[in-house]
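Novice: Attaching a single structure in structure tokens format; questions to follow.
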Amino acid sequence: MTRDRRERRAAFWFLLPDALGLLVFVAVPMVLAIVLGFFRVDGFGSFDFIGIDNYVRMAGDPQFWSSVRITLIYLVAVVPLIFVIGLALALLVQQKLPFIGLIRSALFIPYVVSLVVVAMVWQFMLADRVGILSRVLALFGFENVSPLGEPSLALGTVVLVTVWFQMGYYMIIFLAGLQDIPGEYYEAARIDGASAWQRFRRITLPLLRPTSFFVLITATVAVMTGGLDLIFVLTGGGPAGATSLLIFYIYEQAFLFGELGYAAAIGSVLVVAMLAWSAAMFALTKGGRFE
């Protein structure tokens, strides 16, 4: 047996467990969910084929479109903030500062805590009249401010909590990308008289393109598919549907109203939207390798 053949066989056996896991736990459920979208399912074993009726219903469902609008606002707010704050924190913790290891750990710890616990802590702090924030604002004359109870403030509050929770994770990703940039580039730029901003714009940003691409893709997917636990505990989709993200609307249709087929149809549309976004990003940026 030749060496190349042995290597291919070894690669096959190493990849087989992951491939089987993706097939059983990702690919098959996705196909079943797409198929389920063409049925009316009541949750008690009744499956009635209805064709594209779920998708027709979706097109005329104002609550669905409201959830889409809220999700897009949430996405446009969270992803740029995560990107900028994550990169800024990575640049900060890259410096040789006292207790830098402790600072890195403190920034990353929120991400490893259960999201339900995070949501409960923030709900305690933001509760009307009895929350810590409400009491602090009352000291400065801002009474009856309800960050989670007012439709105009609730989504912004959820955005801030989401960014606080996830910024440490993306800080670590950016930090790994920064550490892969050879220090000789910066040294040569300093000798040539380049300022800190010029070094950042001409060296750091271009060489972080693959990392930036990864962050944009993963952050977008996380925002569009995650957040159910956070929304469920913090606001329950309220007030007045102001924080009803699409993923929460899918949960409501499936587990509160028993519309499993309709929920599967919405989920299929969400998956297609994410695949289209990812494909467009790959096509436009060549996986982060701009020409």
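Novice: In region 239-257, is there at least one residue being free of Cβ contacts under 8 Å to residues at least 60 places away in the same chain, in contact with a Ser or Thr (Cβ under 9 Å, 6 or more places away or on another chain), surrounded by fewer than 20 Cβ atoms within 10 Å (Cβ to Cβ) and among the small types (Gly, Ala, Ser)?
Specialist: No - not one qualifying residue is present in region 239-257.
Novice: Next up: Return yes when Leu16 is within 26 Å of the chain's Cα centre (by Cα), assigned to a helix (DSSP H, G or I) and not basic (Lys, Arg) and no when it is not. Even if it seems obvious, please write down each step before you answer.
Specialist: On the way: within 26 Å of the chain's Cα centre (by Cα): no; assigned to a helix (DSSP H, G or I): yes; not basic (Lys, Arg): yes.
The answer is no for Leu16.
For (1) aliphatic (A, V, I, L, M); (2) open to solvent by 40 Å² or more (accessible area, probe 1.4 Å); (3) free of Cβ contacts under 8 Å to residues at least 40 places away in the same chain, each residue gets a yes or a no:
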{"residue": "Ile34", "(1), (2), (3)": "yes, yes, no"}
{"residue": "Ile52", "(1), (2), (3)": "yes, yes, yes"}
{"residue": "Ala59", "(1), (2), (3)": "yes, yes, yes"}
{"residue": "Arg69", "(1), (2), (3)": "no, yes, yes"}
{"residue": "Ile73", "(1), (2), (3)": "yes, yes, no"}
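Novice: Only one of (1) open to solvent by less than 50 Å² (accessible area, probe 1.4 Å); (2) without any contact (Cβ under 8 Å) to a residue 60 or more places away in the chain; (3) within 22 Å of Leu245 (Cα to Cα); (4) part of a helix (DSSP H, G or I) fails for Pro147. Which number is that?
Specialist: (4)
Novice: Give the number of residues within region 217-265 that are in contact with a helix residue (DSSP H, G or I) (Cβ under 6 Å, 6 or more places away or on another chain), outside any helix (DSSP H, G or I) and more than 23 Å from Pro147 (Cβ to Cβ).
Specialist: So the count comes out to 1.
Novice: Which of (1) surrounded by 12 or more Cβ atoms within 10 Å (Cβ to Cβ); (2) at positive phi; (3) not acidic (Asp, Glu) is the odd one out, the single condition Ala222 does not satisfy?
Specialist: (2)
Novice: Taking Arg57, is it out of contact with any Pro (no Cβ under 9 Å at 6 or more places or on another chain), among the basic types (Lys, Arg) and in a helix (DSSP H, G or I)? Quick ask: steps written out before the conclusion?
Specialist: Numbers: out of contact with any Pro (no Cβ under 9 Å at 6 or more places or on another chain): yes; among the basic types (Lys, Arg): yes; in a helix (DSSP H, G or I): yes.
Yes.
Novice: Could you check region 102-136 and list, in sequence order, the residues that are of a type in the set (Val, Ile, Thr), open to solvent by 80 Å² or more (accessible area, probe 1.4 Å) and under 26 Å from the mean Cα position of the chain (by Cα)?
Specialist: Step one: filter region 102-136 for residues of a type in the set (Val, Ile, Thr), giving 103, 109, 112-113, 116-118, 121, 130, 132, 136.
Pick out the ones that are also open to solvent by 80 Å² or more (accessible area, probe 1.4 Å) and you get 109, 112, 130, 132.
Ile109, Val112, listed by residue number.
Novice: Have a look at Ala77, Ala90 and point out the one that is modelled with pLDDT of 90 or more, farther than 26 Å from Thr235 by Cα, among the small types (Gly, Ala, Ser) and part of a helix (DSSP H, G or I). If you could, list the steps in order and put the result at the bottom.
Specialist: Details: Ala77 fails: farther than 26 Å from Thr235 by Cα.
Answer to the selection: Ala90.
Table: residues versus (1) more than 21 Å from Leu115 (Cα to Cα); (2) in contact with a strand residue (DSSP E or B) (Cβ under 9 Å, 6 or more places away or on another chain); (3) modelled with pLDDT of 85 or more.
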| position | (1), (2), (3) |
| --- | --- |
| Gly183 | yes, no, no |
| Arg202 | yes, no, yes |
| Thr243 | no, no, yes |
| Ile250 | no, no, yes |
| Gln253 | yes, no, yes |
| Gly258 | yes, yes, no |
| Tyr262 | yes, yes, yes |
| Leu270 | yes, no, yes |
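Novice: Going by what's in this entry, would Arg5 be described as assigned to a helix (DSSP H, G or I) and either closer than 18 Å to Ser268 by Cα or open to solvent by 100 Å² or more (accessible area, probe 1.4 Å) (or both)?
Specialist: Judged against the criteria, Arg5 is a match.
Each row is one residue, and each column tells you yes or no for (1) among the aliphatic types (A, V, I, L, M); (2) in contact with a Phe, Trp or Tyr (Cβ under 7 Å, 6 or more places away or on another chain); (3) open to solvent by 50 Å² or more (accessible area, probe 1.4 Å); (4) in contact (Cβ under 8 Å) with a residue 24 or more places away in the chain.
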site: Ile100; (1), (2), (3), (4): yes, no, no, no
site: Phe140; (1), (2), (3), (4): no, no, yes, no
site: Gly156; (1), (2), (3), (4): no, no, no, yes
site: Val161; (1), (2), (3), (4): yes, yes, no, yes
site: Gly168; (1), (2), (3), (4): no, yes, no, yes
site: Leu175; (1), (2), (3), (4): yes, no, no, yes
site: Glu184; (1), (2), (3), (4): no, no, yes, no
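The values are calculated or read from the model by the stated rules, or taken from the named source; none is laboratory data. Treat the numbers as computed from the prediction; the structure is a model and nothing was measured. FYI the Cβ positions are ideal-geometry reconstructions off the backbone, even for glycines, and counts take in every protein chain you see. SASA here: full protein model, heavy atoms, side chains in, ligands and nucleic acids out. Shrake-Rupley method; radii C 1.70, N 1.55, O 1.52, S 1.80 Å.
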